[in-house]
Each structure stands twice: as structure tokens, then as C-alpha cells.
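The values are calculated or read from the model by the stated rules, or taken from the named source; none is laboratory data. As the structure is a computational prediction, the values presented were derived from the model and not from experiment. Cβ: placed from backbone, ideal geometry, glycine included. Neighbour counts: every protein chain shown.
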Amino acid sequence: MTGFISKCVLRSAALSFAIVAAGATAASAADKITIIVGGMEKQIYLPAVLTQQLGYFKDEGLDVELVNSRAGVEAENELLAGAVQGVVGFYDHTVDLQSKGKYIQSIVQFSQAPGEVELVSAKHPEIKSPADFKGATLGVTGLGSSTDFLTQYLAVRNGLKPGDYTLLPVGAGNTFIAAVKQDQIQAGMTTEPTIAKLLQTGEAKVLVDMRTPEKTKEALGGDYPAASFYVQSAWIESHKDEAQKLANAFVKTMKYIASHSAEEIADQMPKDYYAGNKDLYVQGLAGGKAMFTPDGRMPADGPETVLKVLSTFSKSLQGKQIDLSKTYTTVFVDAAK
């Protein structure tokens, strides 16, 4: 375990160095924008890479660099430090940060469902629902990440207290799969294409499914706007032209996703994202494609659902008045060409 944590620390340090360097370069050229993505290989964040692949950033006269991150919480920290101009991550961070006196806003909403699944290891058939998490170690991408938020909510909703279980940051993809195989975690939350891989091998089963709006409403009580493009509120005020161009590009991508099949979308993605199995990649995308918004707009009841979920367990939100109108804006999506 010590080795695993050491690797995470080294990766985080290297990531910060790379982002600072990229940010310095970004500041030197007009319309040069650095965006950090909370896991570019994850299908929930597919719109970021797809926009680049389709050439929509260039169509808007933008020079955009995408930088990869292990988890949304790392991306959030780099944004607040001013190392990047924007983040592709979960909307719920905008609500969480406002409770801490920091203001960021979602400009374009990519999804209306988390696209996440709580998987349980096949070695632990005794875990039949989140109520059985007591004494278990649960995998999340990172502490303070959206998978952390959602896992805590599922546990509290099923009558557990924070001390009843342990949260372990294991990332996604191969590191998550290894944690399941080595029994470092008995259950965990992840996304495609990791889900499809573990289901195919039979090493895990679905415990809670949040890949579609319908399943998400069952699990969380409403639409849960998740993947989004967000920036610091102050940046919007001084970069309205860039914000509009970014919204234009991303909205084009959302419309492309809505009008094309999973296979057609996969054909546009870098081949290494298939992880050696394009059929499995397409299968996962087809199963979760409904999570994406057709036009980048925020679901009407979405922010309220997010606030309700976070308020269930978050001490930083207790007793705080959150102005949800300051966590997102539809101005740029409404004006998108």
C-alpha cells in the first residue's frame, strides 16, 4: 500500500509541474487556453477530447491544450491555483467550493447523470446493498472527489456513519481494477470503460447504477448534473469572448453526440482510449450515452438535487446558504452558434 501511495504522490507532483509549465505557456499567447480534465480516458469526460478531435476548438480560433488528471479534486485545486483556465469535471465541485467561500461556475453541462457505477467485488457476495458497507474498504478516485461525495451519500442514505467504512483513493482504470483483484477494496465507484472490463471478466457486479438519468433518479432522487466545463467566476468576467467560443465548441460536440451512434463517436476518439478492446469501449458508451445532455444545458432540477445530496453528509454545507444561481450560467450556451 505504501508503494501505491508513493506513486500517487509522485504522479501528483509531476502533474502539478506539467500544469504550471502549460499554464505559463498559455498565458503567453492570445486565446491559448489550458483545460485540465479529471481523467481524459473516462467516457464521462469524452466531450473534452471529442471536441479537440473534431476540430471544434480550432474552428473557434482557439488554441486549447488538454491536460490529464487522476481525479476531479486535483483538477479543482489546479484551477484555484490559477495554473489552468478551466476544468472538465463534476458540477458538484461548484457547490462544494461555494460553501468554502470560493466561486466557480459551470459554463457548459455535459451530462445529467454521473455515469458512475458502484461495483462490488465478486469475492464479496455478502455486500448486497450500500447498507452492507459496514467494515468494508470502498474505492474512490480521490478523497474529496465526486466519487467520494456520491459514495458517502449512498452510505448515509442507507443508515451508515462515516466511521463505519473506509474510503481508499485508487484512481480509475488499471489502478482501480488492480485494487479489486488484490482485495484492497471490497466495492468501489468507477466509470466506463473500467465498468465494462470488470463486468466482462466477472470480477465485479453492479451494486448501484448511475449511468442513465432513469437509474440516477432511482439512486439519488433526481437528475444529477455531473460532467461539466467550469471556470473561476472572476475569469468569466474578464474573458467573456473566450468563454463564448469555448461554449460554442462544446455545444457543437454535445449536438454531435446526440446525433451519432456510439460506434461513430468511438471512431473519432484516439485508438489508445479503447484499451485494446474497441467493441467493449463501444458497448460501454452505448449503455451510458443517455447521460449526456443534447445541448449543454443544465437540467432544471439538477442543482437542487446536487445540493440535497451533498448536504446529506457534508459538514461544510451544514448551516450554509448556497446561492445555486452562482454555481452555473446558461448565458453562453444560450448564445452558442
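Y281 versus (1) outside any helix (DSSP H, G or I); (2) out of contact with any Lys or Arg (no Cβ under 9 Å at 6 or more places or on another chain); (3) surrounded by 14 or more Cβ atoms within 10 Å (Cβ to Cβ): which is the lone unmet condition?
Result: Y281 passes all but (1).
Here is a check on your reading of the model: is V208 outside any helix (DSSP H, G or I), touching a residue at least 24 places away in the same chain (Cβ under 8 Å) and of a type outside the set (F, W, Y)? Write out each step before concluding.
On the way: outside any helix (DSSP H, G or I): yes; touching a residue at least 24 places away in the same chain (Cβ under 8 Å): yes; of a type outside the set (F, W, Y): yes.
Spelling it out, V208 is indeed outside any helix (DSSP H, G or I), touching a residue at least 24 places away in the same chain (Cβ under 8 Å) and of a type outside the set (F, W, Y).
Does A243 satisfy the criteria of being assigned by TED's automatic domain parsing to the domain that holds G276, more than 23 Å from P299 (Cα to Cα) and of a type in the set (A, V, I, L, M)?
Considered against the rule, which asks whether it is assigned by TED's automatic domain parsing to the domain that holds G276, more than 23 Å from P299 (Cα to Cα) and of a type in the set (A, V, I, L, M), A243 comes out as no.
Consider region 129-146. How many of its residues are at pLDDT 95 or above and under 20 Å from G221 (Cα atoms)?
Initial filter on region 129-146 (at pLDDT 95 or above): 129-140.
Imposing the further condition that a residue be under 20 Å from G221 (Cα atoms) reduces the set to 129-131.
So the count comes out to 3.
Report, by residue number, each residue of region 147-164 that is modelled with pLDDT under 95 and among the small types (G, A, S).
Of everything in region 147-164, just one residue is modelled with pLDDT under 95 and among the small types (G, A, S), namely G163.
Pull up region 134-158, narrow it to residues that are in contact (Cβ under 8 Å) with a residue 40 or more places away in the chain and in a loop (DSSP other than H, G, I, E, B), then point me to the one that is surrounded by the fewest Cβ atoms within 10 Å (Cβ to Cβ).
L143
Right, F17: over 17 Å from G115 (Cβ atoms), modelled with pLDDT under 60 and aromatic (F, W, Y) or not?
On the way: over 17 Å from G115 (Cβ atoms): yes; modelled with pLDDT under 60: yes; aromatic (F, W, Y): yes.
Here the answer is yes, as F17 does meet what is asked.
Are any of the residues in region 222-234 assigned to a helix (DSSP H, G or I), under 30 Å from K32 (Cβ atoms) and touching a residue at least 40 places away in the same chain (Cβ under 8 Å)? So that I can check it myself, show each step before the final result.
If we filter region 222-234 for residues that are assigned to a helix (DSSP H, G or I), which is where we start, we get 233-234.
Going one step further and asking which of them are under 30 Å from K32 (Cβ atoms), we end up with 233-234.
From the residues that got through so far, the ones that are touching a residue at least 40 places away in the same chain (Cβ under 8 Å) too are 233-234.
Yes - at least one qualifying residue is present in region 222-234.
Can you name the number of the only condition in (1) at pLDDT 95 or above; (2) surrounded by 17 or more Cβ atoms within 10 Å (Cβ to Cβ); (3) not assigned by TED's automatic domain parsing to the domain that holds Q52 that T194 fails?
(1)
Among the numbered conditions (1) part of a loop (DSSP other than H, G, I, E, B); (2) more than 18 Å from H93 (Cα to Cα), tell me where G296 comes up short.
Only one criterion in (1) part of a loop (DSSP other than H, G, I, E, B); (2) more than 18 Å from H93 (Cα to Cα) is unmet by G296, namely (2).
Please go through region 289-337 and pick out each residue that is over 20 Å from V251 (Cα atoms), touching a residue at least 24 places away in the same chain (Cβ under 8 Å) and of a type in the set (K, R).
If the condition is that a residue be over 20 Å from V251 (Cα atoms), touching a residue at least 24 places away in the same chain (Cβ under 8 Å) and of a type in the set (K, R), then K308, K320, K326 are the ones that fit.
Any chance region 38-55 includes a residue that's modelled with pLDDT under 95 and of a type in the set (A, V, I, L, M, F, W, C)?
Yes.
Only one residue in I185, I195 is assigned to a loop (DSSP other than H, G, I, E, B), of a type in the set (V, I, T) and in contact (Cβ under 8 Å) with a residue 60 or more places away in the chain, so which one is that? Show your work before the answer.
Numbers: I195 fails: assigned to a loop (DSSP other than H, G, I, E, B).
When all the criteria are applied, what remains is I185.
Out of region 253-278, which residues are surrounded by fewer than 18 Cβ atoms within 10 Å (Cβ to Cβ), assigned to a helix (DSSP H, G or I) and of a type outside the set (D, E, K, R)?
Across region 253-278, the qualifying residues are Y256, A258, S259, Q268, Y273, Y274.
Looking at region 57-86, which of its residues are more than 15 Å from K102 (Cα to Cα), in a loop (DSSP other than H, G, I, E, B) and among the hydrophobic types (A, V, I, L, M, F, W, C)?
Within region 57-86, L62, A71, A83, V84 qualify.
For K308, which of the numbered conditions (1) surrounded by fewer than 14 Cβ atoms within 10 Å (Cβ to Cβ); (2) more than 29 Å from H260 (Cβ to Cβ); (3) at pLDDT 95 or above fails to hold?
(1)
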